[in-house]
Each structure stands twice: as C-alpha cells, then as structure tokens.
C-alpha cells in the first residue's frame, strides 16, 4: 500500500475511534478526557494496535493541542476578572494551592520518584479541570447559585498560578539552577503583569485592531500571533503554553467572544489528539502497578478539594448544601493535569510519573462529574418534588407551576 | 425599589439579584455573550437557583415592557430632569464588607468614586446627611448620589474595599 494512503487510513481510523469514544462520553454524561486517554493507551507502543506512520503528526498535533488549550483558557477569563480574583480570591486560592499541591508532592516523594517528578505530580493534583467544571456548572444549572462565583474565582486563581508554575516546572525539568528558575518565574510574572495591565487598558482596542470582519482573516491572525508568541516564550524558557495563555488574556471584549467561537472546534480536535498522545506514550503495562497509589491519591485529593470548596463557601456565608456543591464541583481534574504530566514525562526522570498521572486523571475526570451530580441530589423528602419539576420542565408552557412551594417560601 | 445585588461570575458574566417580598431570590445572569438568563431561587435551598429561561436582547425589551418597565423608565427620566446625569441609588453594606466599622471619610467613598453618601438607613432609622466621621456598619444601607459609573465604583468599594 502507498505510504500516503496508509497515513490517511491510520489517522482517519484514529480520529473515528475518538469520535466513538466522545459519543460514549456524551451518552453517559461524562468528560471525554478519560475516554481519550484510554484510547491512547490501547493504541501505540505496548498497546493493542501500534501506530507507525501517523506518529509524527500525532506528536506535533499534541503540542498544538496544548497551545490551543491554554489559549482558550486565557480567552475564558477577562483581564479584569483575573485581577479581581487576585485581589479578592487570593486567600481561597492559596488554601487551594496548599491543600492540593502538597498531596501530590508528598505522594511523589513517598513513592521515591525524586524531587523534580514529585513537583510535577503536585501540579497534576493541584489544578482542577476548568473545562470539566465549567461544563458541569452549566449542565447542572448551577450558574446562578450563590457559591458558583467562589468556585470560579478559585479556578481563575489556579490559572494564574499555572502561568507561574509552568515556567518554574520547565526549569526544574531541564535540571536548571535555582537562579535559572528565579529568572524564568520572574520573566513569567513580568509578562503576566504586563499583559494584564495592557489588556485592561487597551484590550478592546487591540482586539478591534487585529480583528476584521472576515472569520478567515481572524482565524489565521489569531493562530499566527499565538504561535509566534508561543515560540518567543519557549525561547525565553517560559514555556510555549504560557505564551499562548498570555495571548488569550490579552484579547478581551467582543474579540475574545468571536475568537472563542472560531477556535473551539480546532481546540477540541487537537486537544483530543493531545490526550491520545499522552495515553499512547504511556506504557499500559505500567498502569496496574500504579493503580493503588493513584486511587489513594485520588481519594486524598478529592477530600482536599471538597475541603477547599467547603471553606471558601462557608467563609462567604453560604449554607451547608452550597458548601458541598462548591467542594464537589472542584474535584474534577483533567486537561491541565495531563498538560503538566506531559511536560514532566517529556523531561524524563521517573518512569512512573506518566502512568501514575494517567491513572489519576482517569479516576478524577470520571469521579468529578459523578460527585457533582451526587451533590445535586436533594434529600429524600424533596426527591419527589424534584421529579415533578423535571416532568413539568419537559412540557413547555407548564414551567410556571413547575415549582410548588408548600410550607411557604425560603424554609 | 428592592435592592439589587451585583455579583461578578468569572468566565460567565455578571449576576444581578434581589429578594422578593415573598422571600424568593430572583435574578438575571448577564452572560458575556449577551444572553440574559433569568432564574428563581429554589424555595428549599436559599443558595441554589433554578434557571428558568434565556432571553436575547430584543426579548429583554419585550419582557421589560410587559412587566411595566416603561413606567419605571418614565419615573427615572423625571428624576434625571432635575440634574442631568445624576443618579440616586441604595447600596447595602454586606456582612463581610471591608468598610464595615470604618468612617465614611476613611472608607474614601467620595474621594475614590465621586459619589456622595446623602443618608444611611440603619435598623429602620434614617440618618440623613451623615458627616465624614459617621461610622458605617455591616447591614447599613447607604443612599448615594452620583454618576452611574461612580455608583458602580462605590458598590465595588463597599464590596471589596
């Protein structure tokens, strides 16, 4: 067979496989991330189906996936929201960092991975999946809940923390000196501060300048600018991902909105490739051996996330059920844990890191949505009413009487 | 008029809500993409809110009209005839507000937002024309006069210092 024909067949088969997995995830109302990871474990080296011709494409596609993930993350929050999160959400954000970074590092050291991989593992357990959480909040109708802004502020803080964490980890991975680490973090901090200031002041104007009426021009401009900035930051040892994130927060207003619409399909494609690549470069034979520590770590860091959400919500005077929801919403780990684990695996060091992170994310990306849905269940006495409401919702027009209030308002 | 609380929801937009005389929380989430999502707090759980429906811009105008919004606009217009560009508003001092226990002068509301505090409502009592040394406490409602931008800034000061 032609080499070219083989390439297309293999790539097409791979992407069709992903489509099938995504379909399953949608049907079961779960995040597709664990499905893609499993798909990646099945194919590739040591798996059931080896991939040969498309390996190069998948590798570059995976790198692009990381850049697009971070770009879209930057687009999700405006510069004003980021600054506000720094001012008013810092306490909860720091508690989140302390409670959820530490278990990863401790587990890494206990397992004898060494300092550098342990620091990466801390990153894996620290960052909640903003993609999964945002989707959960929308799907469960929690957007207007009183605890939701607190949950989102924690996510915003995590994103900013990641802009500092990624270059730091990049230096650690290279085995760089403390001075190099300080320089990289300093450069990242300076860049973040610069972009935040400029974006808050000129973001909308800059967006208008870059954006034209044509979607095609916008798409090419955006991708071009992002890749150039990613290359520059990579050269500065600040990591390409941080560069892409900065481009994202630099664009605000209407421009950000249309950029998000334009780039989301592209992100979905390449992010899926990235998850597969991570699964594919992980040896599936190593997974059973790390399953027990991964499960232990998952249990511990599910509890620490619940504690974080509970504390943040109770500090704001939110009631018990809202606190449970805030905690449960934060449990899911996903794309960014894989990004950090991917960086760590690429850096070498401990071989257990990638399989451990893969098993961990498999558990957490599945457990998160399930836990959130469990938190959404009302106490037994109110279940019946909930069912009535669901039934009422199905019939358009009957929504007004959808929620009976026996016993008066606001019990 | 009921007091409207404004809460930024990062990544989503801004939430405005108030409590009805019945004790239900009613509000609207203004999404970044322009959608307006109307919701009602559930009776059993004060923190949860069930989204009811979503509105586009034109539908917002229609709903406001149906609810008697045109009369509200007319009333406001009369007020603004008095002094062009001036708005009167009621701002609640939340329990966790950093300005609780601080004097009006020290809170710097006037200096930082250009808005004047013309009265303070506390426990059914009205303190008209409070001096700069008047101490704000949690639960107070400040009656303020200023530009709409200034009032937004003042609300920010009450919330976040």
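For residue A:314 and residue A:269, compute 0.36 nm times the residue count separating them, minus their Cα-Cα distance, and round to one decimal in nm.
In short, 12.3 nm is gained.
Is there a simple number for the mean count of other chain Cβ atoms within 10 Å of the Cβ of residues in A:137-144, and what is it?
6
Rounded to the nearest 0.05, what FRET efficiency is calculated for residue A:189 and residue A:7 with R0 set to 41 Å and r the Cβ-Cβ distance?
0.45
What's the average, rounded to a whole number, of partner chain beta-carbon atoms within 10 Å of each residue's beta-carbon in A:73-84?
Mean shielding count: 2.
Can you give the FRET efficiency for residue B:118 and residue B:58, using 1/(1 + (r/R0)^6), R0 = 60 Å, r = Cβ-Cβ distance, to the nearest 0.05?
The formula returns an efficiency of 0.95 here.
To one decimal place, what Kirkwood hydrodynamic radius in Å is obtained for region B:5-78 from all pairs of distinct Cα atoms?
One decimal place: 13.4 Å for the Kirkwood radius.
Can you sort A:212, A:337, A:54 by how many other beta carbons sit within 10 Å, fewest first?
So the ranking, lowest neighbour count to highest, is A:212, A:54, A:337.
If one computes the Cα centroid of region A:240-272 and of region A:142-176, what distance in Å separates the two points?
Using only Cα atoms to place each centre, the spacing works out to 17 Å.
Counting other beta carbons within 10 Å of each residue's own, what order do A:101, A:36, B:16 fall into, fewest first?
Lowest count first: B:16, A:101, A:36.
Work out how much length residue A:26 to residue A:202 would gain on full extension: take 0.36 nm times their residue separation and subtract the Cα-Cα distance, in nm to one decimal.
59.4 nm
For region A:139-255, how big is Rg over Rh, using alpha carbon atoms and the Kirkwood form of Rh?
1.05
Taking 2.2 N^0.38 Å as the expected size of a compact globular protein, what ratio does the Cα radius of gyration of chain B give against it, to two decimals?
Compactness ratio reported: 1.12.
Treat the count of other C-beta atoms within 10 Å as a stand-in for reagent exposure and order A:323, A:29 from fewest to most.
Listed from fewest to most nearby Cβ atoms, that is A:29, A:323.
Report, in degrees rounded to the nearest 10, the 0 to 90 angle that the Cα long axis of helix A:380-394 makes with the longest principal axis of chain A.
80 degrees
Kirkwood Rh over Cα pairs of region B:83-160 into Stokes-Einstein at 4 °C, 1.567 mPa s: D in µm²/s?
Here the translational diffusion coefficient equals 107 µm²/s.
Return one quarter of the surface area of the convex hull spanned by the alpha-carbon atoms of region A:46-198, equal to its mean projected area, in nm².
For the Cα atoms of region A:46-198, the hull's average projected area reads 12.4 nm².
What does the structure give for B:3-16 when I average, per residue, the other chain Cβ atoms found within 10 Å of the residue Cβ?
6
Taking every Cα atom in region A:297-379, find the radius of gyration and the maximum pairwise distance Dmax, and write them in Å.
Values for region A:297-379 (Cα only, Rg and Dmax): 15.0, 49 Å.
Counting each DSSP H run of 4 or more residues in chain B as -39500 (n - 2.57), what helix-only mean residue ellipticity at 222 nm follows after dividing by all residues, to the nearest 500 deg cm²/dmol?
Taken over chain B, the calculation gives -8000 deg cm²/dmol.
To one decimal place, what orientation-averaged projected area in nm² is obtained for the convex hull of the Cα set of region A:218-320?
Average projection, Cα convex hull of region A:218-320: 10.9 nm².
Cα extents of chain A along the three principal axes, largest first, in whole Å?
If we take the Cα atoms of chain A, the spans are 69, 51, 47 Å.
Of the peptides A:133-139, A:71-77, A:290-296, how do they stack up when ordered by the mean number of other Cβ atoms within 10 Å, highest first?
In decreasing order of mean packing, A:133-139, A:71-77, A:290-296 become A:71-77, A:133-139, A:290-296.
If I take all pairs of Cα atoms in region A:23-124, what percentage of them are more than 24 Å from each other?
Here the tail beyond 24 Å accounts for 55 percent of pairs.
So if we plug the beta-carbon distance of residue B:14 and residue A:49 into 1/(1 + (r/R0)^6) with R0 = 41 Å, what FRET efficiency do we get, rounded to 0.05?
0.25
Since every read-out is calculated from the coordinates, none of them should be taken as a lab result. Worth saying up front: this structure is predicted, and the values here are computed from it rather than measured. When we count neighbours, we look across all protein chains shown, and the Cβ atoms used for this are built from the backbone with ideal geometry, even at glycine.
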